[in-house]
Amino acid sequence: MAARPGSPGPTQTPIWFWAIFAGLATLGIALLFSQDHAPYLSKYPRDWIIPLRFWISDAMYWLVKEFDLGLFTFKELTRSISWLLEWPLSIANNFLATGFTFSTEPGASVILPPAPWIAIVAIFGLLAFHLSGLRLAILVTGCFLYLAFFGQWHSAMITLSSIVIAVPLGVIIGFVLGITAYRHPLFEKWLTPILDLMQTVPVFAYLVPVLFLFGFGPVAAMIATMIYATPPMVRVTILSLRQVPEELLEYGNMAGCTRGQLLRKIQIPAARKSLMVGVNQVIMLSLNMVIIASMIGAGGLGFDVLSSLRRLAIGNGLEAGLAITLLAITLDRLSQAFTDRPQHSHSPQGRSVIGRYRLSLIVLVILSVSWFASRYFPALGVFPESLQITTSQFWDNLVKWINVNFFDQLEAIKTFVLINIMMPVKRFLLKTPWVIVVAVIGLIGYRLGHLRLAALGVALATFIAATGLWSKAMVTVYLCGVSVLFAAFIGVPIGILAAANSRINRITQVVIDTLQTLPSFVYLIPVVMLFRVGDFAAMLAVIAYSIAPAIRYTILGIQQVPVHLIEASSAMGCTRSQIRWRVQLPIALPQIMLGINQTIMMALSMLVITALVGTRDLGQEVYIALTKADTGRGIVAGIGVACIAIIADRFINQWSRKKKREFGLPV
Amino acid sequence: MSTPTPALHLRGIWKIFGEGANSFLKPSDTHPTDADLNRAGLIAAVRDANLDIQHGEIFVIMGLSGSGKSTLVRCMSRLIEPTAGEILFDGQNLLAISEKELIEMRRHKMGMVFQHFALLPHLSVLGNVAFPLEIQGVDRGAREQRARDMIELVGLSGREDYYPRELSGGQQQRVGIARSLAVEPEIWFLDEPFSALDPLIRREMQDEFLRLQGLLHKTIVFITHDFDEAIRLADRIAIMKDGAIIQTGAPEDLILNPATDYVAEFTRDVSRSKVLSARMVMRPVVPGEHLDETLAYSTKVQDLADRIVHTERQIGVIDDDGSIIGVVDRQSVLDVLVGNEPPRAD
Ligand SMILES: Nc1ncnc2c1ncn2[C@@H]1O[C@H](COP(=O)(O)OP(=O)(O)OP(=O)(O)O)[C@@H](O)[C@H]1O
Ligand SMILES: [Mg+2]
């Protein structure tokens, strides 16, 4: 490729980079051995720490206790929002789980029992059949029967009722924000960094402020869920409105559409498919939040999992976790089926009223018949306990058996990896003087993207040091780094194999899809079963949770290598392995790195959750803040995690863009 | 020539893209040069366009890709706001009307057909054709009746319930045409309507288009980058280059009197016999000359050639009143076919 002026072709890393790098390394070693001369260079001094967390806590206190908006206080405002949201939530809850009492007093007799389980199973089965066909109907019915037979019904319905309210609300809010951003670029400019932050700051960090503002309980949990699940909807909305072909908009204008007509009749229908991707994301993220939300008062399956985990009651946790997973799979497939459902071709125009509302009518009939029938056959209303089964005993015994018979082997693996791989990395990162780490970040940033990127990296890293979180952050980096390395070593080869073989590819896709529907918490259960608590267990959970993108992007990257390049290489006489190593992999590398980037992001979000199994990193800091209801501490540590995420994200993206441009691939 | 109010009158239209384009033109009313524009980092997509489009004519705007055709036609419908200039639509100042009036005008007086059809993917053929009426609030029965009529007009009866993706490119564009005609527009804009179609289909669609115009007599602005298409369809052609209109005239004018080498380059490969008519190739009558027969002045050379080429006949050319205005013979036809400059009949 001829080098164009202004855009140098593929270049080697220049000498100056390595020279400075070597200089920094030497300096680092020197500092290590002469800590007395300039101790503030090795360890960030305590006196220099900015008490940001206290400022934030004070501000929060002021907001909740004193901030007065004139007619009412801020707290009154937030509490009335909760009150407003309580309504739909409790109706859904009454309908699905507890039944209507028409009285606020506890213990009042139930006037209308909750929807009979048989009706819910039938309705979801029918819906699946209507949207897609028999296969989906069987899957969905099966999932709901699991809930009934394994005694998860009541909890599952509580969870479902909050999903049923949180998802539409999240979708609507995300959609409205998205449209506003699409129409007003200035608003978008403000919104984007906020969304970035919302998606990188770990959930735990904002649970505390939510708790303060909205109180403990299902409503606060739902608000936290919405904060977590809405940002992707905003992004998807902006993106999919932008993707509507320019010509369609011009046509709409020429036909004389008003702005509202343009939106309703052209933009939204034309963007429907990609908008539905956003809806699907909201559903999946809401389910992902189920367990976390139970920490601030959402009951249901999440609470069951959490309390079993705390009691180390593996069997119960597993069954409840599986219930969440099945619910996730059901809702995921249903929403996808809704998106992909075939539009009825050549359908007769002007369907009758009954035709149009047929489905709702059927639902009504099923409900009233089963309600009526369950008065005489209670087993139809509430699944009889005598029929319920549980395997928790089996799992508990299995764990016991494994731990009795394989304890030494498992322990040996764990110790080996800990001593030979994890500990050295941890010690290295903790020992390296903070100034050197910051300088290396600046150096790499400068090499990749000049001053701006270097400044960003240095600023964020310094922030971590200045808030006194340096060593915890280094533990996060170490855990994340080691997990991501393992995930890459496992994921990339799988991706390479899958890209070459369509059968492996198909199996892999199914596995990845399933992995990605599992709520993050669920990964903790088997890990804790086998390895109990600690860094090793945490690492395994992180690897399992974050490996999917490494595989997916590797497959994608290799498939994107232009066919003519491969043909040309075969024509030149390359062997298959030469093609793989010399052609496919180098060209796919930028794409693979984007996958690794995703893996890092997922690993960071999982790390916060693994605080539950006893890691001592930023995640733990956030978690402690949550248990102590310390707003400032949680937010600052959360921002610390976000800083690490942003540095990794910007650096890798910049590198990947640069490489792609060098290869002439679409950026 | 008498000058009735043109359907569309453009004077001094400029469209400049880029930051600060609006303030760029105003201070000096003089024409900015390329260097000026470059320095300001701006692109002049349309430069000082002046046009009069008459009622009922097919006016073709022709030029290579990027010459500014689409931008110009979008200025005419105010899909793009011109940077400077004046547009009169039936004598009314288009650039001064309010948003609401503009919507009304587009709903009732303008129709547009797009290069990539721009059909709404979620609506059936019937729904697409009825769409412009739907947004005007026409009730269902009336708009669907009208839509069915239009669908029949373009020969798609029986496909009312198909979705766009189930139709071929040519059929999709027929839907686009039916849709744009559903509101009975006074002026009809077509931006490269057939460019995305295969050559054979394109020809068929051109015939269809001429058939429709024979029925409807609309005022038409038709964009194309294909000169053959232009001369097949046009009453008059404007040729654009780098945003400027460099010549406007009937197809024959462009061939016989190209204003610049650029225009001549376009017209060089055109089969002249298809374009030129007897009027353009005749010589003056020599008094007392013997004429074997006569033909109408508008007869294309291609159609009279075989009557003359192998004979020594002299054929009189008559005008609408039947009086003889000139003579064609073997020599004059051969000149055209070989490409020599034809004699001027002044
Ligand atoms: N929104 C815009 N912003 C900046 N430049 C534009 C914009 N729209 C068009 N241009 C530029 O204006 C010039 C004319 O574009 P236009 O689309 O009118 O050409 P065209 O003759 O229709 O070409 P084609 O045959 O490819 O459709 C081109 O140089 C184009 O790059
Ligand atoms: Mg164009």
message: Helix B:140-153 against the longest principal axis of chain B: what's the angle in degrees, Cα atoms only, rounded to the nearest 10?
response: 20 degrees
- request: Compute the Rg/Rh shape ratio of the range B:273-337: radius of gyration over Kirkwood radius, all on alpha-carbon atoms.
  value: 0.92
query: About the Cα centre of the range A:378-470, what is the dipole size in debye to 20, counting +1 per Lys and Arg Cβ and -1 per Asp and Glu Cβ, all else neutral?
result: 680 debye
query: How many nm separate the modelled label positions at B:ARG140 and A:LEU71, each set 7 Å beyond the Cα in the direction of the Cβ?
result: 4.3 nm
task: Just grab the label-to-label distance for B:GLU19 and B:ASP335, each label 7 Å out from Cα along the Cβ direction, in nm (one decimal).
output: 6.0 nm
- request: Lys and Arg at +1, Asp and Glu at -1: add these up for the other residues within a Cβ distance under 14 Å of A:GLN560 and post the number.
  value: +3
- line: Taking r as the C-beta separation of A:ALA30 and A:PHE216 and R0 as 56 Å, the FRET efficiency to the nearest 0.05 is 0.60
- request: Using only atoms on other chains, find how many Cβ atoms lie within 10 Å of each Cβ of peptide A:485-497 and report the average.
  value: 0
query: Which angle between 0 and 90 degrees, to the nearest 10, do you get for helix A:618-627 versus the longest principal axis of chain A when only C-alpha atoms count?
result: 40 degrees
- request: Could you work out the relative contact order of the range A:153-346, using alpha carbon pairs under 8 angstrom and six or more residues apart, expressed as a whole percent?
  value: 29 percent
query: Roughly how many Å is it from the Cα centre of the range A:527-546 to that of the range B:293-334, as a whole number?
result: 96 Å
query: Suppose every K and R has +1 on its Cβ and every D and E has -1 on its Cβ; what is the size of the dipole of the protein assembly as shown about the Cα centre, in Debye to the nearest 20?
result: 4120 debye
Helical contribution to [θ] at 222 nm, DSSP H n ≥ 4, -39,500 (n - 2.57), averaged over the protein assembly as shown, rounded to 500: -20000 deg cm²/dmol
message: Normalised radius of gyration for chain B, please: alpha carbon Rg relative to 2.2 N^0.38 Å, two decimal places.
response: 1.14
statement: Expressed in angstrom and rounded, the centroid-to-centroid distance over alpha carbons for the range A:431-502 and the range A:234-293 is 35 Å
task: With everything on Cα atoms, drop me the angle between helix A:407-417 and the longest principal axis of chain A, reported from 0 to 90° to the nearest 10.
output: 50 degrees
task: Take each of the peptides B:13-19, A:20-26, A:113-119, average the number of other beta-carbon atoms within 10 Å over its residues, and list them starting from the highest.
output: A:113-119, B:13-19, A:20-26
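How would the range A:483-578 be classified by its alpha-carbon gyration tensor: rounded, prolate or oblate, with rounded meaning a/c under 1.5 and the a/b versus b/c comparison settling the rest?
Details: a/c = 3.61, a/b = 2.49, b/c = 1.45.
Because a/c hits 1.5 or more and a/b exceeds b/c, the range A:483-578 counts as prolate.
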query: Which one of A:GLN267, A:LEU301, A:VAL164 has its Cα pushed farthest toward the positive end of the charge dipole of the range A:153-346, where Lys and Arg give +1 and Asp and Glu give -1 at the Cβ?
result: A:GLN267
Selection of trypsin sites (Lys or Arg not before Pro), the range B:45-99, meeting DSSP coil and at most 10 other Cβ within 10 Å: none
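Cα-Cα over 23 Å: which of A:LYS472/A:LYS658; B:LYS69/B:LYS218; A:LYS65/A:LYS628; B:LYS15/B:LYS69; A:LYS189/A:LYS660; A:LYS431/A:LYS472?
A:LYS472/A:LYS658; A:LYS189/A:LYS660, as the Cα separations exceed 23 Å there.
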- prompt: Average partner chain C-beta neighbours within 10 Å, per residue of A:253-265?
  reply: 6
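Efficiency by 1/(1 + (r/R0)^6): what FRET value for B:SER273 and A:ILE490, r their Cβ-Cβ distance, R0 = 60 Å, to the nearest 0.05?
The formula returns an efficiency of 0.20 here.
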- line: The equivalent-ellipsoid semi-axes of the protein assembly as shown, taken as the square roots of five times the Cα gyration tensor eigenvalues and listed largest first in whole Å, are 68, 39, 28
Radius 15 Å from Cβ of B:ARG74, net charge of other residues (Lys, Arg +1; Asp, Glu -1): -2
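Where Rh is the Kirkwood radius over the Cα pairs of the range B:1-146, the temperature 25 °C and the viscosity 0.890 mPa s, what D in µm²/s does Stokes-Einstein return? Can you show the working numbers first?
Working: Rh = 17.7 Å.
Value of D from the Cα-based Kirkwood radius: 139 µm²/s.
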message: Please report the projected area of the range A:519-667's Cα convex hull averaged over all directions, in nm².
response: 10.8 nm²
field: Mean Cα-pair separation over length for chain A, i.e. relative contact order, pairs under 8 Å, 6 or more apart, %
entry: 18 percent
message: What does the net charge come to around A:SER57 if you take all other residues with beta carbon closer than 13 Å to its beta carbon, with K and R at +1 and D and E at -1?
response: +2
- prompt: Rounded to a whole number, what % of the accessible area of the protein assembly as shown do carbon and sulfur atoms account for, probe 1.4 Å?
  reply: 61 percent
query: What is the Cα radius of gyration of the range A:153-346 over 2.2 N^0.38 Å, N being its residue count?
result: 1.18
- request: Would you please give the FRET efficiency between B:ALA40 and A:LEU186, computed as 1/(1 + (r/R0)^6) with r the Cβ-Cβ distance and R0 = 25 Å, to the nearest 0.05?
  value: 0.55
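The values are calculated or read from the model by the stated rules, or taken from the named source; none is laboratory data. If you're wondering where the values come from, they're calculated on a predicted model, not measured in any experiment. Reconstructed Cβ throughout: ideal geometry from the backbone, glycine too, with neighbour counts over all protein chains shown. When the accessible area is computed, the model is the full protein with side chains, heavy atoms only, and any ligands, DNA or RNA have been set aside. Shrake-Rupley method; radii C 1.70, N 1.55, O 1.52, S 1.80 Å.
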